[in-house]
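The values are calculated or read from the model by the stated rules, or taken from the named source; none is laboratory data. Keep in mind it's a predicted model, so treat the numbers as computed, not measured. Using ideal geometry, Cβ is built from the backbone for each residue, glycine included, and neighbour counts are taken over all protein chains shown. These area figures cover heavy atoms from the full protein model, side chains too; ligands, DNA and RNA do not enter into them. Shrake-Rupley method; radii C 1.70, N 1.55, O 1.52, S 1.80 Å.
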Amino acid sequence: MKTGIDDIAFYTPRYYMDLKNLAQSYGVDPQKFAIGLEQEKMAVMPPNEDIITMAANAAEALFKNCDKSKISPIIFASESFVDQAKSGAIHIKTLLGLPEDCMAFDIKQACCGGTYALLTAQAFVHMNPEREVLVICSDHALYPAGSPAEATQGAAAVAMIIKEDPRLLHISPDYVTLLDDQMDFWRPSYCKTACVDGKLSIKTYLKLFEQSIERYSQSNSLDDLSAILLHLPYNGISRKVLNVLRKNGKDLDFKDTIDSSKIYSRMIGNSYTASLYLGFISLMDHAEIPLEKLGFYSYGSGSTAVFFNGRINQLRTNQEKNTAHLEGRIEVDHEQYTEWHEWHCSFFPGRIDSNLFSGKHFLEGIENRKRIYSRRTQKCKEATKSFQLHRAG
Ligand code: HMG
């Protein structure tokens, strides 16, 4: 049976910060972010959005082409969960109006969680070929203000439909998995921001990449791949990956396609579980060569890695819509970003400004420690947009 990704879409918040401004605020050379980290902008999460609303907004884009009654389970992958007990997948099910008999649960293993969700979804489809599984990866990368990791923040969600005979990508059951117990990146339950040993995280990421391709090459050939997709915590890490590939004489084979996969993450920043799949969308929207068999390197701190491959069935590009979404975002200055960063870092944040811009699904408020989600009507959306445009001048 052939299973894999039938359709895919991403969502990122409607606000961003230019990293030149972050550099200026800290007296850092802007070239460190633009050339060293290869990042230009980072997505900024307003108080009326979170991983749940991003997930629902990403999934909404898939429903024009699928039968909602067939969806079960929803598998939600994140490492920035907003609740320790209730699954985010239940909130998403309600926002999307999916059937009451739909199973819904969450998966966590740092940035690798999205790939574990994808592989679990494939197993579900093998057991129930009539079902379609909704996999959503959604994350808000939040680090302490003033830390070296701050410039690698970001936020985005990627939603995918996994089914039998998928239109987009057939995923091979033949994959490499690795586990190396490390404390390179973690977030204790009492912390809103991640703790990170930056140098160790890069070292482990690269070590597992090298081991992944070595193991993959024992029964497959890298020559058969038209591209390798990477987890992109920041785009500059791809230079180090190319150095590893150079040892096998393969760096030039993959450089151009890696560049095409980095276009959206340069504008968004790290989206943890969603990052690898955001890179896949970016590649499909910008590749200059025909895409056939693709390798995917999924890394999750802690640490685990999966290297899998898939074959493109029918390419799906949405470049115009995706670019319009990114270009339509509103820039925030350092002061506004700091206010919202503090809001997200607080365990008891204040009221939410009802005039903030968002996708269709948004967070209306938090009352008695319960998050209240809502759906925006067309009328309300237009009023908010004109307010925002007026405010942005
Ligand atoms: P840092 O230590 O401040 O940066 O933080 P640096 O001094 O290493 O500089 C970064 C690069 O900029 C270097 O390039 C510099 O040379 C260059 P490289 O040597 O690496 O090629 N540079 C400049 N270039 C041009 N002009 C200049 C200039 N100055 C410096 N003036 C670090 C960097 C990534 C460590 C930090 O941002 C961080 O800790 N980020 C978070 C952790 C992270 O992203 N780790 C990546 C691997 S782990 C991972 O992917 C998992 C993760 O997604 C989470 C999960 O799985 O759950 C994070």
Item to check | Antiparallel bridge percentage (DSSP; both residues within the chain; nearest 5) | outcome: 75
Next on the checklist: What aspartates and glutamates does residue 2 reach when the alpha-carbon gap must be under 15 Å and sequence neighbours fewer than 8 apart in one chain are set aside?
Outcome noted: 130, 132, 164, 165, 174
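How long are the semi-axes of the equivalent ellipsoid of region 89-137, taking √(5λ) for every eigenvalue λ of the Cα gyration tensor, in whole Å from largest down? Don't skip to the end; give the middle numbers.
Working: eigenvalues 66, 52, 10 Å².
One finds semi-axes of 18, 16, 7 Å for region 89-137.
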Next on the checklist: With every atom except the alpha carbons ignored, what do you get for Rg and Dmax of region 173-315, in angstroms?
Outcome noted: 14.9, 47
Checklist outcome for this item: Computed over the chain, the relative contact order (Cα-Cα under 8 Å, seq sep at least six) in percent reads 24
Next on the checklist: If I build a Gaussian network model for the chain, linking alpha-carbon pairs within less than 10 angstrom, which residue out of 320, 214, 364 has the largest mean-square fluctuation?
Outcome noted: 320
Item to check | Calculated log₁₀ intensity ratio I(q)/I(0) where the Debye formula runs over C-alpha points of the chain, q = 0.07, 0.09, 0.11, 0.15 Å⁻¹ | outcome: -0.29, -0.48, -0.74, -1.46
Item to check | Rule-of-thumb Rg ratio for region 47-138 [Cα; 2.2 N^0.38 Å; N residues] | outcome: 1.01
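Charges at C-beta only: +1 for Lys and Arg, -1 for Asp and Glu. How large is the resulting dipole of the chain about its Cα centre, in Debye rounded to 20?
Dipole about the Cα centre, nearest 20: 400 debye.
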Item to check | Under 19 Å from the Cα of residue 203 - lysines, other chains or at least 8 residues apart | outcome: 240, 247
Checklist entry - Along the charge dipole of region 79-232, Cβ charges K/R +1 and D/E -1, which of 114, 148, 228 sits furthest on the positive end? => result 148
Checklist outcome for this item: Out of 373, 265, 33 - ranked by how far each Cα lies towards the positive end of the dipole of the chain, with unit charges on the beta-carbon of charged residues - the top one is 373
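Quick one: work out the % antiparallel among DSSP beta bridges in region 1-155, nearest 5.
Working: 6 of 16 bridges.
The antiparallel proportion sits near 40 percent.
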Checklist entry - Ordering 184, 83, 18 from largest to smallest accessible area (1.4 angstrom probe), what's the sequence? => result 83, 18, 184
